[in-house]
Amino acid sequence: MAIRWSRWSPRIALVPALLVTAVAFVGSIGWTIYISLTTSRRFPDYEINWDEWLRQYERLFKDGAWATSLKNLVVLGLGSTLAIILGFILAAMIEKEKRGEGFFRTIFLYPLAVSLIVAGIVWRWMFNPSLGIENFLHELGWTSASFNWLAAPDTAMYGIILASIWHGSGFYMALMLAGLHSINGEIWSAARLDGVSVWRLYIEIIIPMMRFTFLTCAILLSLGVVKAYDIIVAMTNGGPGSSTWMPAYFTLNAYSGRSNIAYASAAAVIMLLITAAIFIPLVMVTAWRVRRREAIAK
Amino acid sequence: MPRVEFQNIAKQYGRVTVLDELNLDVDDGEFLVLLGPSGCGKTTLLNLLAGLVETTAGKILIDGRDVTDLDPKDRGLAMVFQSYALYPTKTVRGNLQFGLSSQKLDRTEIARRVDWAAKLLQIETLLDRKPSQLSGGQRQRVAIGRALVKNVGVFLFDEPLSNLDAKLRTEMRLEIKRLHDELKHTIVYVTHDQIEAMTMATRIAVMDGGVIQQVGTPDEIYEQPANLFVAQFIGSPSMNVLSARVESDGGKPVAILDGFETRIDLSGHATGDALAPGTAIVVGLRPEHGEIGAADRPAQIELPLLYAEKTGGDATLFLKTSGRPFAVRIDPAAAGGVRAGEAVQVGYAAEKFNLFDARTGRRI
Amino acid sequence: MTDILPLEPVRRTFRDYPKKPRKIRGSSIAILVFLTMCALFIAIPLYVIIVTSIKEMSQIIQGEIFSLPTKVTFEPWWKAWNEVCSGVQCEGVKVGFINSLMILFPSLVLSIGLSMVTGYALALWNIRWAGTFLFVLFTAAFVPFQIIMIPLIIMTGIIKVYGTIWGVAIVHAVLAMPLLTLIFRNYYKDIPNEIMSAALMDSGSFWRIFFEIILPMSGNILIVVLILQITSIWNDFIIGLYFGGIGTKPMTVILANSVITSRGEISYNVDMAAALLTAIPPLVIYFVLGKFFVQGITAGAIKG
């Protein structure tokens, strides 16, 4: 029998993607995990000392900068949830008040088109103590105002949170708007006929209906926080001291700053584990939703 | 034109068996309609023939050639889909040409065939339009044209008229029939609409539960349904079925209807004659065969009127029984005189009733 | 097939009624005020970057960050484009601009070509392990870059593209592949089954169906993905930083080097001009093709 090309050509067309996945993703992850067990420094050294194969990880958790990084991960994660809340409020308001919808949407979403490096540079400039917003507030007569957040270790993260909210709230607004649009229009009419107040409508009906949108937003935000790097480099470059280090920054610093690829790999593996911890609920939620949609379709 | 043969076809999706040991021959030049309710396996059977779905077991022959493992395009058939499936980005001409240029035909031949099909279907003026600029009926014509240009012997139709409104449907029905009469292709046509089946088919295969219940000409299917399923599936309103018992009345077999005093004289019936007393049977009476007020028929039924439905051209009386209402279709002029609750007497001629074995459901 | 009597249905014209004026309620005003304040907050950085970039340093050092320039000057723009230093190289951000463009085209072609065909094969052809592969891709789309970075550096080194434009472009394509494949696959999944069946009966050829039927139907998603990819490649920093060599670093890296690690006297107006120049290409795309941009980022986010 002749070869049935109709059966083979789609499989052949998938070979490049399979190769990329196998080599660049699956293989590379394995490779990095392997390197994290070695004592490689500038160049990979593939010998593992099985007596202390977790050496890099032990070092990592004794490292003060790593502890700071993990702490900042939580701080930025919690702080950025404001972006989700703001996004929802903006979406709800735009949805209710149709006037100027296009205009506001355009404004709220433009930060997404701006690179985080540019965003960080602008925010750093605005945080400039002698020439930036602080100075502006002082000149207005509010002399006690302090906006020099980036210079102090205990407030620098707040500066980064503020810039993150500025950058991200439009994104969550777009997701929330999509969620709001998918709510059946008759619910609003029914609520109006029932005379339900706007607050109760949102708190008792709309927000519960949008719980999956909220969950998706929260998970995407967490994944974004784990990856946060550009904004740190642009705003504080990790400083003052190591007060604004984040896992991604720590990992890349271990690679290029300390030239220790085994140590960097170990930090990357922990990043992967954190991502997995966030990602698995996403998979479960997605699978559940798909199943539910199919059940409804039946 | 080729013959199509299905030999011992089976199809399973995972553990679910959709078709099993199915045999069917479609003769050269025949217009075969696969008719059945949704989920009966008729579309699966068509897709197996088209090669869009792989068979689990069995063989499909077209013109004596085993095509079971061939690609759809190599089977020598063309198909018209329910949603027309026109390529939205191509013009009508592009739609007609796509299959031909895949066959590496030369350009003049392609142009000749496109012109021929366009003329035949009266779509010459639409050739440069996109599908989105066409009406439903025009799309349907293009879809048929796309099949015609391929110049193959076997045509498959998958519920092609179900997306059209009632008036267009009647028009296209005639059109397809006309094309078949002119071109004499072998056609396999899937539908759940019995009117389409009755008007167009040379033969109908009635399917249910993945099994072919009966194959026959429209007249055979209507007049001599092979079993209770076919009897009740064909005809609207569907056939009235009443369970009964055969008894001997002075040597003549009669059927006593359960719940009625009525006796039906079976001696005039072609096959009812030989029934042994005591046999449980089902009597099927078509609504349109009942005669109001006729007192001298072998089957007489007298029931109170539940309600009457007039549809303009005719009227249906629904008579009260212990179970499903008994339907009788009559001339609307005759329906006016009867009021709800009044008894109506309906008579049936001997050759008009159908008898089925109560146990197997098969025709006696 | 025409009617015997083509009767026109009865029609009538309707009169125009004057528009009722829409009432503005208190709650509407409150909402609009709040939205305007938020819009101001979001718009301020853009305003600041623009005005600072056209001010003279003499005005900037007076500390009026929000005031309009007393004298508009485009010298900072010229300096940023031509003179700004990245490390020891003082040729302005234009070097980065050219590099970014040169990275952009091959990586667009590679990433979109690869993921389009993959998405098409997975969505419309019967492949038994498609579900498993999609799940792996879904996972890969979320993997942090750091976990695969070091092996990628080693491998691009082995195939001798590390530090070149091609190296950066290939890494972009690899990283974008899972997400873009999922986007294309979800788009193609909605193409009616029967169109694919018709194409199978007409041609049956994987590539012919792709180029003649599917590709012409992909216009919309192609624009969405194109915009998504252009902005994310243009705005990328990490890949450019770690895979770009001397003279092949993209604009963001040049910008970061010149602004963040520069020593000596700081010209804020030049910094802002350099930042603005870097931000202009994606901003232009955003303001011109905003609808597709939003579709892109939400398509990237909501999957499944």
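The values are calculated or read from the model by the stated rules, or taken from the named source; none is laboratory data. Because the structure is predicted, anything quoted here is derived from the model rather than measured. Here Cβ is always computed from backbone atoms with ideal geometry, including for glycine, and neighbour counts include all displayed protein chains. Areas reflect the complete protein model, heavy atoms only, side chains present, ligands, DNA and RNA absent. Shrake-Rupley method; radii C 1.70, N 1.55, O 1.52, S 1.80 Å.
For region C:102-189, trypsin sites (Lys or Arg not before Pro) are listed when DSSP marks them as loop and at most 11 other Cβ atoms sit within 10 Å of their Cβ; the list is C:Arg128, C:Lys160. Going by a ≥ b ≥ c, the root eigenvalues of the Cα gyration tensor, does the protein assembly as shown fall in the rounded group (a/c under 1.5), the prolate group (a/b larger than b/c) or the oblate group? Verdict is prolate for the protein assembly as shown. For region A:253-297, a drop of 50 Å² or more in accessible area on going from the chain alone to the assembled protein chains (1.4 Å probe) is found at A:Tyr255, A:Phe279.
Pairs of Cα atoms nearer than 8 Å and 6+ residues apart set the relative contact order; for region C:94-301 it is 34 percent.
Rounded to the nearest 500, the helix-only mean residue ellipticity at 222 nm of the protein assembly as shown stands at -16000 deg cm²/dmol, with each DSSP H run of n ≥ 4 adding -39,500 (n - 2.57). Give me the lysines in straight-line cross-link reach of B:Lys320: C-alpha distance below 25 Å, same-chain residues under 8 apart excluded. Partners found: B:Lys310, B:Lys352.
Shielding value for C:37-49 is 6, the average number of Cβ atoms from other chains within 10 Å of each residue's Cβ. Take each residue in A:230-238, count the other chain C-beta atoms within 10 Å of its C-beta, and the mean is 3.
Per residue, the accessible area of the protein assembly as shown comes to 46 Å², computed with a 1.4 Å probe over protein heavy atoms only.
For region B:214-320, which GluC sites (Glu not before Pro) pass both filters: DSSP loop (anything but H, G, I, E, B) and at most 15 other C-beta atoms within 10 Å? Hits after loop and neighbour filter: B:Glu261. Using a 1.4 angstrom probe on heavy atoms only, work out the carbon and sulfur share of the accessible area of chain A in %. With neighbouring chains kept in place, the figure for chain A is 65 percent. Remark: accessible area buried at the B-C interface is about 2000 Å², both chains counted, probe radius 1.4 Å.
For region B:4-233, averaging the sequence separation of C-alpha pairs within contact (under 8 Å, six or more residues apart) and dividing by the residue count gives a relative contact order of 29 percent. In terms of its C-alpha gyration tensor, chain A has an oblate overall shape, because the principal axis ratio a/c (a ≥ b ≥ c, square roots of the eigenvalues) is not below 1.5 and a/b does not outweigh b/c. Hydrophobic long helices, here whole DSSP H runs in chain C with Kyte-Doolittle means of at least 1.0 and Cα atoms spread over 18 Å or more along the helix axis, are found at C:26-53, C:94-124, C:146-158, C:165-189, C:219-235, C:268-288. Among beta bridges from DSSP that stay inside the protein assembly as shown, the antiparallel ones total about 75%.
Taken along the Cα-to-beta-carbon direction at a fixed 7 Å, the label points for C:Asn82 and A:Arg292 span 6.1 nm. Heavy-atom accessible area for A:Thr155, with the other protein chains in place and a 1.4 Å probe, reaches approximately 40 Å². Using alpha carbons only, how many angstrom separate the centre of region B:115-193 from the centre of region C:130-192? Between the Cα centre of region B:115-193 and that of region C:130-192, the gap is 46 Å. Go ahead and run the numbers for FRET between A:Ala178 and C:Phe74, Cβ-Cβ distance against an R0 of 35 Å, rounding to 0.05. Once rounded, the FRET efficiency stands at 0.30. When each full DSSP H helix of chain A is screened for a Cα extent of at least 30 Å along its own axis and an average Kyte-Doolittle hydropathy of at least 0.5, the helices passing are A:64-96, A:156-181, A:261-297. Return the residues of region B:55-76 for which accessible area with all protein chains present is lower than in the chain on its own by 50 Å² or more; set the probe to 1.4 Å and exclude ligands, DNA and RNA. By number: B:Asp69, B:Asp71, B:Lys73. Decide, for chain C, between rounded, prolate and oblate: order the square roots of the alpha carbon gyration tensor eigenvalues as a ≥ b ≥ c, take rounded if a/c falls under 1.5, and otherwise choose prolate if a/b is larger than b/c, else oblate. Oblate is the answer for chain C, as a/c is 1.5 or above yet b/c matches or exceeds a/b. Take each residue of peptide B:97-106, count the partner chain Cβ atoms within 10 Å of its Cβ, and average: the result is 3. Using C-alpha pairs under 8 Å with a sequence gap of at least 6, the mean separation divided by the residue count of region B:69-206 gives a relative contact order of 32 percent.
Legend: calculated FRET efficiency, A:Trp53 to A:Ala277, from the Cβ-Cβ distance at R0 = 30 Å, rounded to 0.05, equals 0.85. Can you pull the percent of region B:240-357's accessible area that's carbon plus sulfur, 1.4 Å probe, other chains left in place? Ligands and nucleic acids excluded, carbon and sulfur give 48 percent. Heavy-atom surface analysis with a 1.4 Å probe gives region B:4-233 a carbon and sulfur content of 46 percent of its accessible area. Accessible area buried by the pairing of C and A, both sides summed with a 1.4 Å probe, works out to roughly 8100 Å².
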